[in-house]
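Only one structure is covered here, and it is reproduced in the block below.
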Amino acid sequence: MTDRSTVSHLLRRLTFGPTAAEVDAAARAGVPATLDKVLAPAGRATPPEVGAFRPGKEGRDDARRQATAALEWWVGRMITEAGAAEKLTFFWHGHWATSVRKVRSAALMLDQQATLRRYGAGGTGPLVRAMLRDPALIIWLDGQRNTRRAPNENLARELMELFTLGVGAGYTEADVKAGARVLTGWRAERTGGPATLVARRHDPSPVTLLGRTGTFDTDAYADLLVAHPAHLPFLAGRLWARYGADTAPDAATTARLVARGASTVAMLRALVSDPSFVDTRGRLVKQPVEWMVGAVRQLGVDPKRGRARILGGLRALGQVPFRPPSVGGWPAGTAWLTTSSTRDRLASGRALAALAPEAVDGLAGAARTDRLDALARLLVVDGWTARTRAVLAGAADDPRLLLTLGLASPEYAVH
């Protein structure tokens, strides 16, 4: 049997909050079989029919209801799916950060998510090609304003800086301007339908782009980006920041990930199999979505019954899917470890504990001296520091309070 802490660490990083039973099963199966199972493609995702955007006041009200329906569906899916695919979709959502607040169409946001699901596990070439035609991204980054007479550089700049190459990694301002010209003419409508290239708005002139001179279309531009020597190391760094540690991997680790990263899933497998991954325990702060979804899964909270508490908790904690604050996505690391966030985790933990009578009864059924260990097993925490243990011991007579404090503990927030 594989060491339980080994598979706990692997599952905490690859999935949304593994349960004790899932960790037990992984320990019996071993690491290779667990990776095969967890990294397998997910079943088909069938989002709700949210309807098309309609202009006007009534349309805005509809848009808000549709956005809520999309949010409820996705958070519910995060809770019910045990594999890595859902968390990878959330990774890509934070990477190609697009907000429904500006797009104002839940249908377009769900279409974008379908693109992330379809291409996100494979090589990045098809994904970048598809995203450059994505209506939600085009609206979000003002691509529909990018015309031959008035080039708009927003999409081209963020494409290289945030999505494919990294800040200042092998491109110049001239490349940004050239990329913007290549992307001129794309139009997208909130009412739905695919993006279209309007010939009279497009600039077909030759450009010099990333060291190549010629006439490029959108696909050729995407192919130049994914073939650039900065692209795969950049992707390795972004995956490491979400699945490894809050400090950048060293050059040797990056090189190993790139060498084995024929696809995103292959790079993920390489990441959690790398010798350096063992040393990342306790070095990654959970994002609020990871914290909330994991807690709901581990406590066995009914997502439908707890819907209002779950969504309200995410709003309070500051991370709501489909609503990243900027094109740079959500903050990371210690930005989530403020005094106010600790208070919010306490409040959300208290609300979730009230919705988890079986989990509370399970702790109550353990001997008082065993309750801290039972809590660690329930929350898939490897252990408590002396300071946390002292705080938890003071609540051992009150299982609901004990569970609340465990959810708000540093050991649960940082994994």
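So the values come out like this:
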{"item": "Considering residues of the range 1-25 that are assigned to a helix (DSSP H, G or I) and farther than 18 Å from residue 413 by Cα only, the residue modelled with the lowest pLDDT", "result": "4"}
{"item": "Filtered residues of the range 36-64 (kept if of a type in the set (D, E, K, R) and either within 28 Å of residue 12 (Cβ to Cβ) or in a helix (DSSP H, G or I) (or both))", "result": "36, 37, 44, 57, 58, 60, 61, 62, 64"}
{"item": "Residue in the range 226-246 that is modelled with pLDDT under 95 and in contact with a strand residue (DSSP E or B) (Cβ under 9 Å, 6 or more places away or on another chain) present", "result": "yes"}
{"item": "Qualifying residues in the range 99-128 (those that are surrounded by fewer than 19 Cβ atoms within 10 Å (Cβ to Cβ) and more than 19 Å from the chain's Cα centre (by Cα)) - the one nearest to residue 329 (Cα to Cα)", "result": "102"}
{"item": "Candidate set from the range 79-98 (those that are small (Gly, Ala, Ser) and closer than 23 Å to residue 269 by Cα); member that is surrounded by the most Cβ atoms within 10 Å (Cβ to Cβ)", "result": "84"}
{"item": "Spans of helices (runs of 4 or more DSSP H) in the range 331-393 with at least 3 residues of a type outside the set (Val, Ile, Thr), at pLDDT 95 or above and surrounded by 17 or more Cβ atoms within 10 Å (Cβ to Cβ)", "result": "339-354, 357-365, 371-378"}
{"item": "Answer residue from the range 10-53, given it is aliphatic (A, V, I, L, M), crowded, with 18+ Cβ neighbours inside 10 Å and touching a residue at least 60 places away in the same chain (Cβ under 8 Å) and is farthest from residue 112 (Cα to Cα) among those", "result": "23"}
{"item": "Entirely in the range 257-329, the helices (runs of 4 or more DSSP H) that have 3 or more residues that are surrounded by 14 or more Cβ atoms within 10 Å (Cβ to Cβ), out of contact with any helix residue (DSSP H, G or I) (no Cβ under 7 Å at 6 or more places or on another chain) and of a type in the set (Lys, Arg)", "result": "none"}
{"item": "Unique match (being out of contact with any Gly (no Cβ under 7 Å at 6 or more places or on another chain), in contact (Cβ under 8 Å) with a residue 24 or more places away in the chain and either farther than 30 Å from residue 374 by Cβ or surrounded by fewer than 17 Cβ atoms within 10 Å (Cβ to Cβ) (or both)) among 60, 65", "result": "60"}
{"item": "Selection status of residue 338, without any contact (Cβ under 8 Å) to a residue 24 or more places away in the chain, polar (S, T, N, Q) and under 30 Å from residue 95 (Cα atoms)", "result": "yes"}
{"item": "Hits in the range 331-342 (condition: touching a helix residue (DSSP H, G or I) at 6+ places or on another chain (Cβ under 8 Å) and more than 18 Å from residue 295 (Cβ to Cβ))", "result": "332"}
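The values are calculated or read from the model by the stated rules, or taken from the named source; none is laboratory data. On a predicted model such as this, the values are computed, not experimentally measured, just so you know. Note: ideal-geometry Cβ built from the backbone for every residue, glycine included; neighbour counts use all protein chains shown.
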